[in-house]
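Reading through the structure tokens given below for one structure.
The values are calculated or read from the model by the stated rules, or taken from the named source; none is laboratory data. Just so it is clear, the model here is predicted, and its values are computed rather than measured. All Cβ positions, even for glycine, are placed from backbone atoms using ideal geometry, and neighbour counts span all protein chains on display.
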Amino acid sequence: MADAKPRILIQLDTSPHASVFDAVTAIDAGLDHLLQYREVQPDQVRDLIHGAMFTRGPGDLKSTAVFIGGASVDAGEALLEAVKKVFFGPFRVSVLFDSSGANTTAAAAVLAATREFEGALAGVPAAVLGATGPVGRRVARLLCRQGAVTRIGSRELERASQVADSIQAQTGVRPASFASTTTTLAAALDGVQIVISAGAACARTLPDEVWTKLPALKVLIDLNAVPPLGIEGVEVADRSTPRGHVRAWGAIGVGGLKMKIHKQAVRTLFASNDAILDAEEILAIGQAIDAPAPP
């Protein structure tokens with residue numbers, strides 16, 4: 001429409017510098033203006049969001065949206081809660097939460113796994129390594145939502161158990177937890193068909209001497225792009241690549257889908273003024289992108 005308001009995205013970043021990656025991706029998604037704020041604290045959110053809410057009439061608020069980012073997912077979650085508390089009645093704008101790229105990366109990883117199982121993960125045994133990190137927590141949460149029989153591993157069993165409790169509170173399903181140590185890893189992964197590694201950069205989570213001896217294993221997904229990679233024997237550009245008896249996905253292989261999801265999530269913000277896009281909503285966007293074309 002000729003009289004449509006320009007699409008403005010307000011980037012609230014918790015880091016010392018607002019993410020260039022997120023800014024470029026948003027611009028490539030087709031918005032008209034990007035407003036960036038850095039080192040945003042929850043007590044600063046109200047005035048920033050009031051500026052978004054009260055400058056346009058209710059009918060035009062879908063042309064303003066908020067992106068919450070930054071290196072710390074915990075800090076981003078605090079901003080998200082603060083933003084939601086400001087809204088009332090029709091005075092609200094759509095919000096995309098993707099601190100550290102955790103939600104879009106997790107959604108892409110789960111979709112990559114889903115592709116290998118004919119579009120459904122219900123009942124499929126799956127394990128997440130590095131599950132206590134921001135991406136790993138969301139991967140595990142989304143797997144549980146999809147009905148996968150999920151196990152989560154961390155070097156410290158207590159931390160894995162705490163994350164399992166958190167996922168149960170969010171989804172109603174408690175994944176099994178295990179300590180992913182050298183001596184326990186093989187037994188912990190016995191019977192799994194999917195392993196997704198979401199550990200820290202340069203951290204090896206799964207040696208090939210372990211996964212090559214797991215006969216039930218069908219899919220390996222490694223989200224670490226910095227050598228040494230998380231899963232030994234998986235290459236960063238793998239995209240459903242045969243590796244021994246499994247199909248493998250590397251960080252770049254998953255990254256192409258992550259970028260499509262990220263851009264489409266930004267575009268989705270401007271379809272209404274009341275969307276809150278967290279992990280589950282972002283996965284749904286990815287599922288729509290990845291859906292087979294009708295005959």
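Check 191, 130 and return the single one that is on the phi > 0 side of the Ramachandran plot, more than 18 Å from the chain's Cα centre (by Cα) and in contact (Cβ under 8 Å) with a residue 40 or more places away in the chain.
Checking each option against the conditions leaves just 191.
Condition test on residue 156, is it without any contact (Cβ under 8 Å) to a residue 12 or more places away in the chain and in the same structural domain as residue 205 (by TED's automatic domain parsing)?
No.
Checking the structure you have, find out if any residue of segment 140-151 is buried (at least 19 other Cβ atoms within 10 Å of the Cβ), in contact (Cβ under 8 Å) with a residue 24 or more places away in the chain and either in contact with a Lys or Arg (Cβ under 7 Å, 6 or more places away or on another chain) or outside the structural domain of residue 217 (by TED's automatic domain parsing) (or both).
No.
Of all residues in segment 88-132, which are in a loop (DSSP other than H, G, I, E, B) and under 23 Å from residue 7 (Cβ atoms)?
Within segment 88-132, 89, 90, 92, 93, 98 meet the criteria.
Among what's in segment 234-278 and is under 30 Å from residue 215 (Cβ atoms) and polar (S, T, N, Q), pick the residue that is surrounded by the most Cβ atoms within 10 Å (Cβ to Cβ).
Result: 241.
From 225, 169, 176, 237, grab the single residue that is within 19 Å of residue 126 (Cα to Cα) and either without any contact (Cβ under 8 Å) to a residue 40 or more places away in the chain or not assigned by TED's automatic domain parsing to the domain that holds residue 112 (or both).
176
Using the structure shown, decide if residue 87 is surrounded by fewer than 19 Cβ atoms within 10 Å (Cβ to Cβ) and aromatic (Phe, Trp, Tyr).
yes
Within the group 81, 77, 118, which residue is surrounded by fewer than 24 Cβ atoms within 10 Å (Cβ to Cβ), in the same structural domain as residue 250 (by TED's automatic domain parsing) and free of Cβ contacts under 8 Å to residues at least 60 places away in the same chain?
118
Of the residues 43, 60, 47, 74, which single one is of a type in the set (D, E, K, R) and closer than 23 Å to residue 264 by Cα?
Just a single option satisfies the conditions, and that option is 60.
Mind telling me which of the residues 68, 27 ends up being under 25 Å from the mean Cα position of the chain (by Cα) and surrounded by fewer than 17 Cβ atoms within 10 Å (Cβ to Cβ)?
27
Kindly list the number of the only condition in (1) hydroxyl-bearing (Ser, Thr, Tyr); (2) surrounded by 14 or more Cβ atoms within 10 Å (Cβ to Cβ); (3) assigned to a loop (DSSP other than H, G, I, E, B) that fails for residue 55.
So the condition that residue 55 fails would be (2).
Scan 48, 61, 79 and give me the residue that is in contact with a Ser or Thr (Cβ under 7 Å, 6 or more places away or on another chain) and part of a helix (DSSP H, G or I).
79
Considering only segment 138-162, how many residues are touching a helix residue (DSSP H, G or I) at 6+ places or on another chain (Cβ under 8 Å) and at pLDDT below 95?
Of the residues in segment 138-162, 1 are touching a helix residue (DSSP H, G or I) at 6+ places or on another chain (Cβ under 8 Å) and at pLDDT below 95.
If residue 9 satisfies every condition in (1) surrounded by fewer than 23 Cβ atoms within 10 Å (Cβ to Cβ); (2) not in a helix (DSSP H, G or I) but one, which is the exception?
Going through the list (1) surrounded by fewer than 23 Cβ atoms within 10 Å (Cβ to Cβ); (2) not in a helix (DSSP H, G or I), residue 9 breaks only (1).
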